[in-house]
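The structure appears right after this line, and notes come after that.
The values are calculated or read from the model by the stated rules, or taken from the named source; none is laboratory data. From a predicted model like this one, the values you see are computed outputs, not experimental measurements. Please note: Cβ atoms are built from the backbone with ideal geometry, for glycine as well, and neighbour counts cover all protein chains shown. Please note that ligands, DNA and RNA were not included when accessible areas were found on the heavy atoms of the full protein model with its side chains. Shrake-Rupley method; radii C 1.70, N 1.55, O 1.52, S 1.80 Å.
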Amino acid sequence: MEHEQDSTSRRRNRTKEHFREALIRLIKKKGYHAVTVKDIVEEAAYNRSTFYFHYQDKIELAEDLLDRMFTGLENAAGMNYKPGRITSTKEIDVPSFSLIAYIYENKNFFELIEYEDTLPGMHTRFPNAILHIYKKQFEFKTINDMHVNMDYFKVYTAFGFYGLVRELIAKDFNIPEEQFTKEVIELSQTHIHSFKYIGR
């Protein structure tokens, strides 16, 4: 019985993933507002009844996609850190920067930020998700323990990182992940001495 439930759950998750992927492709082809449920079911190769079993409408599918991807982004940020541990920026290496790895792994989704007629809320939720990560998950220590307004510091640092990511996306991820991560780490080392992961 439990095996059947697991199998059903996996099948439902797979179906929903197909709908999410179809929506991404269609937005890139014709823009969000022009996409219909008929387009989505045809692109995903399902029927309408299957779509309506999972979603009330296109809006609910779009919200599910946004929630899933930005929850994943927030989960990825602290993946390699233990709560309460202080890490020097000199210790950070490419594998430990899982936030960037997540963006590269899901670049098909994050490319939607470059489209004007994209998922509703995409242009605000992306930078705000990064800011939320910096504000809620980390405490920072500045170089030479310089006293600054830490709220401003987190906004400055979060939106600086977001700007770099937007530039990366605008250039079609033309920089290899390892190189981009190393350059972000080097920039971080110019103003952050260490950080403590608080946890989610």
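A few notes on this one:
- Computed [θ] at 222 nm, deg cm²/dmol, the chain (DSSP H ≥ 4; -39,500 (n - 2.57); rounded to nearest 500): -20000 deg cm²/dmol
- Segment Thr8-Glu91, length gained on full extension (0.36 nm per residue, minus Cα span): 25.5 nm
- Sorting Arg166, Arg68 by accessible area puts them as Arg68, Arg166; the probe is 1.4 Å, largest comes first, and only protein heavy atoms count.
- With every protein chain in place and a 1.4 angstrom probe, the accessible-area ranking of Leu112, Leu164, Leu131, largest first, reads Leu164, Leu131, Leu112.
- Number of Lys pairs (Cα under 28 Å; 8 or more positions apart or on different chains) in region 24-117: 15
- Among Tyr152, Tyr162, Tyr104, the residue with the largest mean-square fluctuation in a Gaussian network model of the chain, with springs joining Cα atoms closer than 10 Å, is Tyr152.
- Solvent-accessible ranking of Val37, Val155, Val165, largest area first, probe 1.4 Å: Val155, Val37, Val165
- Helix axis angle, 177-188 relative to the chain longest principal axis, alpha carbon, degrees: 40
- Estimated inter-spin distance, His33 and Lys82, nm [label 7 Å along Cα→Cβ]: 5.2
- Estimated FRET transfer efficiency (His18, Lys135; beta-carbon r; R0 25 Å; 0.05): 0.15
- Estimated D of region 116-167 in µm² per second, where Rh is the Kirkwood radius over Cα pairs and Stokes-Einstein applies at 4 °C, 1.567 mPa s: 106
- Cα-based reach from Lys135 at 17 Å (exclusive), listing aspartates and glutamates while leaving out same-chain residues under 8 positions away: Glu74, Asp151
- Euclidean distance between Cα centres, region 70-85 to region 111-165, Å: 15
- Relative contact order (%) - criterion: Cα under 8 Å, at least six apart; region: region 53-128: 34
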